[in-house]
1. Could you tell me what fraction of 2.2 N^0.38 Å the Cα radius of gyration of the chain comes to, as a two-decimal ratio?
2. Let's see if you can work this out: charge +1 on each Lys and Arg Cβ, -1 on each Asp and Glu Cβ, no other charges. What is the dipole magnitude of the stretch 240-396 about its Cα centre, in debye to the nearest 20?
3. Taking only Cα atoms, what is the 0 to 90° angle, nearest 10, from helix 345-354's long axis to the longest principal axis of the chain?
4. Mean-square fluctuation check for the chain, GNM, Cα pairs under 10 Å: which of 211, 324, 392 is largest?
5. Using DSSP to call loops (not H, G, I, E or B), can you name the trypsin sites (Lys or Arg not before Pro) in the stretch 266-324 whose Cβ has at most 13 other Cβ atoms within 10 angstrom?
6. Just report the Cα centroid separation between the stretch 291-311 and the stretch 195-217, whole Å.
7. Given only helices, namely DSSP H runs of n ≥ 4 each adding -39500 (n - 2.57), what is the per-residue ellipticity at 222 nm of the chain, to the nearest 500 deg cm²/dmol?
8. Taking the alpha-carbon centroid of each part, what is the distance from the stretch 362-383 to the stretch 91-107 in angstrom?
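Quick note: the coordinates plus some simple rules give every number you see, no bench work behind them. Small disclaimer: the values here were computed from a predicted structure and weren't measured. Note: ideal-geometry Cβ built from the backbone for every residue, glycine included; neighbour counts use all protein chains shown.
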Amino acid sequence: MKFIAATYGTEGDTRPLAALCRALIDAGHEAVLLADGSTLASVSALGVPSVALAGDIKGVLQPTHAISGVVAARPGFSSTASALARIANTNAESWLRDIVTEGRGCDAIIVSGLAAFVGLSAAEHLGVKAIGAGFIPITPTATFASPFLPPNRLPSFANRASHHFVNGMLWRAFRKKTNAARAAVCGLPPRHELWTDHPMLYGVSPSLLTGSGHQPNDWPENAYACGQWAVAPPHWTAPKSLTDFLQAGEAPIYIGFGSMTGFDSQKLLNDVIKATDGHRALFYPGWSGVDTTKLPANFLAIDETPHDWLFPRTSLVVHHGGSGTTHSAARAGVPSVVVPFAADQFFWAERLRQAGVAAEALSWKQMDAKRLAARMAFAKTDEVVQRARTLGHAMRAETGLLNAVARIEAMMRG
């Protein structure tokens, strides 16, 4: 079978979908991934065919651009949704045209991220199956509130309603431009209601999601938490500087904030240096643009490194709470300190706190060396370290990619 996968977002959106495409190819299928051009290096490293979609999310998220400023200044749901919708709405017609072009002759389109609505429209136009893929659990449930809302602000009886509210708000932010693209590219009638009937596969861990090892028991049959989707690049080799550093002493702290931008990165780094108090640390600058030339001797600046390889060799992971990094840290069996910036990062920070493998989240706006050091100290206690090992063992048994491929194949047979 031939699958087209379409997403748009940061590295955290592209990498797991690339892993799914690799797993489909290894199972004997064809797969092509469409995503932002700045995120395609990880796709190429896995040997997955790819096509760059219009746009430049890395550029848009740089501190000098308006969208980065909006999210950094007001990291709540409304501002984040508006900023993301602006990216998607600008490119909706171009994305839909590319997905339709690449999708001719395919058996199904896997849709994800900011490209989900145009991807669903492409599948409708081509008359093929649409399969949703996600890394943020947006299927309504009473188990937890919408991941796009601040944790623990709503009474539990409002959890399910919060999902419907947020999903509806997101659709309204995208609807006008999606319908204009549907008409211009496919001649399709306007869509008034949000899609809800297509299969939805989540590359997230049921162990982390609910703490029970099972997905929410009130999810419908078309929603399934597979476990994390991650695979190491087959030809990646650790640089000598990194292996030498790892062998030179105790397991280091990892510090990295992925694709996050728009904050005072130098102040954040200064606080991190003070908080580590001379302990060995690896620092990944990501998209922050921070100057790493003046790091102290106990720090090593590193380039992009596969988390599955690196995190088990660390003692603690300090990160922004993105779905992928959160899962990789927990799966490695090491504690976390989470410094969330926006969107669903606060949700994943709360999942780690409830699992007992991290202290309460520390918003980047409130971060200082003292607060960060206190959370690091909590994460290094024997009880937390043991809970992290137990959670990691459970997550490593979940075989997320095998589960996803089996589900997709069963859908296509049905």
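1. After normalising by residue count via 2.2 N^0.38 Å, the value is 0.95.
2. Around 240 debye, computed over the stretch 240-396.
3. 60
4. Greatest mean-square fluctuation among the candidates belongs to 211.
5. Sites meeting the loop and neighbour criteria: 294.
6. Between the Cα centres of the stretch 291-311 and the stretch 195-217 lies a distance of 33 Å.
7. Only helices count here, giving -13500 deg cm²/dmol.
8. If you average the Cα positions of each part, the centres end up 45 Å apart.
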